[in-house]
Each structure stands twice: as C-alpha cells, then as structure tokens.
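Heads up, the thing below is written out as structure tokens.
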Amino acid sequence: TNPGFVVRITQAGLDYAHQQGIAVLQKELAQLKLPDISGDFRIRPVGKVRYEISRLELRSFHLPYSRISLIRNTGLQVSISNAFAEVDGNWRVKLYFIRDHGSFNLKVENIYIKISLKLGSDASGKPTIDASDCSTRISKVHVHFSGKFGWLYNLFNSAIESRFRKILESKVCENVVKSVRGELQPYLQTLPVTARIDAKAGIDYSLVAPPTATAQSLDVDLKGEFFSLAHRSDVPFPPLALAFPPDHDRMVYFGASSYFFNTASFAYHAAGALVFEITNAMAVSPRNGGLCHRAYPLPAPPQLEKMYPGMLMKFRLSAPSAPFLNIGPEGLSLKPVVDIQAYAILPNSSLAPLFLLSLTSNVSAVIDVKSGHIVGSLKVGRYGAGAAQGGGWGAGSVRTLQSIMNIFASNILLPRLNARLEQGFPLPLPDRIQLSNILVRFHQ
C-alpha cells in the first residue's frame with residue numbers, strides 16, 4: 001500500500017536521538033546490581049584459600065564514545081567504545097589460621113559494547129524496536145585490595161578479575177536489552193497512530209510497513225488518511241506513489257501527498273461539515289459590500305416575488321462532492337464547486353425551495369507548521385461560471401447573485417474555514433518532541 005504520509009529521519013536526526021538514548025543508557029548502567037562472589041583456590045604447597053567478595057557497589061559507569069549507524073534493510077547499530085566503570089566492595093579471605101578482610105576498588109576500562117536494533121511494526125500499526133543482538137567485551141580490569149597480606153591478595157587477583165569481567169559482560173547486555181524493551185519500546189509506542197482532530201474527523205497515522213533503513217536515512221511509511229468519526233468508509237481513490245527529494249541536510253523530513261489532503265476533504269464532506277447555512281437576517285448591504293443586520297431584498301425573478309412577497313430567505317451552501325486539491329511546485333490549489341440552495345422562509349417557519357445556483361471558484365492554500373501541527377489558510381477567488389436552476393433566472397440576475405455570493409464567501413464562509421485550518425492537524429510525533437527551523441516546500 002502506498003503511503004499518504006512519510007517520515008524520513010536522517011543520520012543527523014539519528015545522532016540527536018542517539019545522544020538522548022545514550023544518556024538514558026548510561027544512567028541505567030550506573031544502577032547495575034552486581035552479585036556477591038565467593039570461591040576458593042589451592043596454593044601449592046600452602047593449601048586452600050577461601051575468599052568472599054560482597055557489598056558490591058557500582059560507583060560510576062561512563063560511555064564517552066558511541067555512534068549509531070544505519071544497517072541497510074535491517075535496522076540500527078549502536079557501537080560504544082572506551083567505556084569505563086568503577087566498583088567498590090568488601091572482601092574476606094581465610095587460609096588456615098590466617099583471616100583478613102577489608103575493602104577494594106575495581107576499575108574496568110576499555111569496555112566495548114555493540115547493540116543491534118531491529119525495527120518493525122505491530123498489528124495496530126505502531127512502530128516496534130527490540131535488541132536483536134548485544135555483545136560486550138572488556139579488555140582491562142584492575143583490582144586494588146587494602147590489607148596487610150599483599151602477597152596473598154595477589155595470588156587470587158587474576159581469578160577475581162576474570163570473574164568480574166564475565167559478570168560485567170553478562171550484566172551489561174542484560175541491562176541493555178532491559179533498557180530497550182523497558183524504555184525505548186514504550187517511548188516509540190507514544191507515536192499516535194490515530195488522532196481525534198475534532199468532533200467530525202480523525203487521522204490515521206498507522207505504519208503501512210516496517211521502517212526501512214537505507215544507507216543515509218530511516219524511512220517510515222504511514223497511512224496518512226483522514227476519516228469521519230461518525231462513519232468510517234473506504235476512500236474511493238488510491239494513494240499515489242510518494243518519493244522524497246534527494247537531500248538529507250535536515251534531521252527529519254515529513255512528506256504529505258495530495259492523497260493526505262484529499263482524504264481530509266472526503267472525511268469532512270462525508271461528515272456533513274462542508275455545509276453552511278445563511279439566513280437573510282444577516283443580509284448583504286449594497287452600500288458597503290459588507291453585511292448588515294437588516295433584510296435586503298435579493299434580485300428575485302418577478303414570479304418569485306409574487307409568490308413570496310416580502311419574505312426572508314435562507315441559503316444552504318454545500319459542496320456536491322469533496323473538492324480535490326492539487327499540489328505543484330507553486331503551491332496548493334483547488335477548484336471547488338459550491339451549490340447554493342435558496343429557500344423562502346414561510347410564516348410558519350417552514351422552507352420553500354426557490355432555486356439552486358452552482359458556482360465554481362479558484363482557491364489557493366497556504367501551508368505552514370506550528371507547534372507540531374499542519375496549519376493553513378485559504379484564499380478564494382471570485383465565484384463564477386454559475387448556472388441557476390428554477391425560478392426563471394436570467395443572466396443579469398445570476399451575475400448579481402454571484403456578486404452577493406462572493407461577499408458571503410469572503411465574509412462568512414472563508415473566515416469559518418480559515419478558523420478551523422488555523423487550529424491545524426497534528427503531525428505524527430512521539431512524546432516530548434518539538435520541531436524548530438521548519439521549512440515547507442512544494443513538489444510535483
């Protein structure tokens with residue numbers, strides 16, 4: 001399925017996310033819980049030495065050098081080098097009648113960690129991530145014991161260092177997997193795959209395929225489809241293929257096709273939101289081209305004037321079909337058809353249909369992004385090419401109606417639409433993400 005909306009995270013964006021992730025991982029590793037160690041070994045011809053290492057406390061764990069890489073068709077790889085840690089603890093030894101105890105300090109240097117991250121999507125269309133592989137290698141471990149019998153400590157020093165190396169290598173990867181599943185995966189799940197926009201419509205940002213890693217970016221294909229909350233139905237037109245421009249200069253790119261915007265038009269039309277009613281209680285004044293709060297007799301044909309003398313009128317403006325938007329290098333445009341059904345308001349408040357006027361207009365749209373929302377505004381050209389049905393309207397009367405409808409559109413219809421567009425529609429962003437230095441461009 002072609003996406004209606006796409007997201008591209010470049011290496012620069014991954015580097016930024018990686019900085020945040022490493023800070024969390026370093027904090028998690030600094031809280032590692034290490035088990036007590038005990039054992040014995042035989043010294044010839046002296047005998048068996050029993051030792052215990054307890055109350056191990058990881059004083060620090062630092063990850064000074066790390067990088068994140070894209071692995072084509074697989075996911076991501078995080079490589080950490082020259083990490084180091086310090087551990088404090090207590091020791092106790094027993095050799096025949098010799099007993100001693102004290103404290104020790106252990107320094108672990110040149111820790112190398114390699115983490116492979118597999119990206120996917122679940123049944124609800126949310127992104128998933130898991131540690132598919134983890135390896136840790138420690139090249140230097142130094143233990144310093146405090147106590148009287150230095151020669152004795154040195155005898156089991158290498159045994160302690162070896163056991164510490166194995167324990168730390170195992171614990172580090174165990175903690176990495178825990179952090180990915182307990183911190184990173186729940187965070188990715190905060191990506192809203194469906195969002196309620198208002199009382200009429202919602203938007204579907206579910207993934208149509210797992211994220212794709214290329215040599216330069218991580219690309220995510222989203223459904224990008226608006227839907228009516230009252231009744232969700234299949235969109236009667238397919239999404240077109242959508243390709244990104246070749247540049248990779250910014251951290252993140254969002255791409256929206258005409259399908260994305262046209263499903264919004266379809267959803268709001270299906271929800272009955274593209275219907276507006278105007279009564280002659282707020283009628284057009286010919287003196288100032290604006291609106292006034294008194295009735296103004298419209299140029300109705302003589303037979304209508306005879307049938308409904310002095311009665312107020314009501315207009316119902318609606319789109320017979322969802323207007324389609326076009327995107328090109330110069331911007332966004334659409335050419336909607338508006339049906340204007342006129343009614344006479346009878347003394348008993350019932351409505352008598354008078355005529356139906358169909359008009360078309362050129363509309364241009366301006367798009368921007370503010371506070372994580374796509375916002376916009378419309379600029380409507382003059383309505384023209386109208387034809388009236390019913391009532392015996394002549395060309396002159398139709399032109400007068402067109403002029404009146406232009407005033408209605410600019411003073412009532414357009415402000416309503418732009419007020420809604422100013423509220424905007426949310427971009428698919430996980431929690432705590434804010435965008436800056438935003439640039440909007442249009443492409444064919």
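Just a few scattered comments:
- If you go through the stretch 212-251 and pick out every residue that is touching an Asp or Glu at 6+ places or on another chain (Cβ under 7 Å) and either within 24 Å of L435 (Cβ to Cβ) or outside any loop (DSSP other than H, G, I, E, B) (or both), you end up with 4.
- Per the conditions (1) loosely packed, with under 13 Cβ neighbours inside 10 Å; (2) without any contact (Cβ under 8 Å) to a residue 60 or more places away in the chain, the sole criterion not satisfied by A241 is (2).
- Residue in the stretch 56-65 that is open to solvent by 60 Å² or more (accessible area, probe 1.4 Å) and free of Cβ contacts under 8 Å to residues at least 24 places away in the same chain present: yes
- Condition met for R92 (open to solvent by 40 Å² or more (accessible area, probe 1.4 Å) and of a type in the set (K, R)): yes
- Leading residue by the ranking (modelled with the lowest pLDDT) among those in the stretch 394-416 that are closer than 20 Å to S377 by Cβ and open to solvent by 50 Å² or more (accessible area, probe 1.4 Å): S410
- A single entry from I68, I129, I115 fulfils the requirement of being of a type in the set (V, I, T), farther than 30 Å from T1 by Cβ, in contact with a strand residue (DSSP E or B) (Cβ under 6 Å, 6 or more places away or on another chain) and surrounded by 14 or more Cβ atoms within 10 Å (Cβ to Cβ): I115.
- Taking first residues from the stretch 92-108 that are touching a residue at least 40 places away in the same chain (Cβ under 8 Å) and partners that are surrounded by 18 or more Cβ atoms within 10 Å (Cβ to Cβ) and small (G, A, S), the Cβ contacts under 8 Å between residues at least 6 apart in sequence or on separate chains come to S103/G89; F104/G89; L106/G89; V108/A85.
- Residues located in the stretch 364-383, provided they are touching a residue at least 40 places away in the same chain (Cβ under 8 Å) and part of a strand (DSSP E or B): A365, I367, D368, V369, K370, H373, I374, V375, G376, S377, L378
- Residue among S79, S135, S121, S139 that alone is modelled with pLDDT of 85 or more and open to solvent by less than 40 Å² (accessible area, probe 1.4 Å): S79
- Residues located in the stretch 333-363, provided they are farther than 18 Å from A409 by Cα and not in a strand (DSSP E or B): L346, P347, N348, S349, S350
The values are calculated or read from the model by the stated rules, or taken from the named source; none is laboratory data. Values in this document were obtained by computation on a predicted structure and should not be read as measured data. A quick note on method: Cβ atoms are made from the backbone with ideal geometry, for glycine too, and the neighbour counts reach across all protein chains shown. When the accessible area is computed, the model is the full protein with side chains, heavy atoms only, and any ligands, DNA or RNA have been set aside. Shrake-Rupley method; radii C 1.70, N 1.55, O 1.52, S 1.80 Å.
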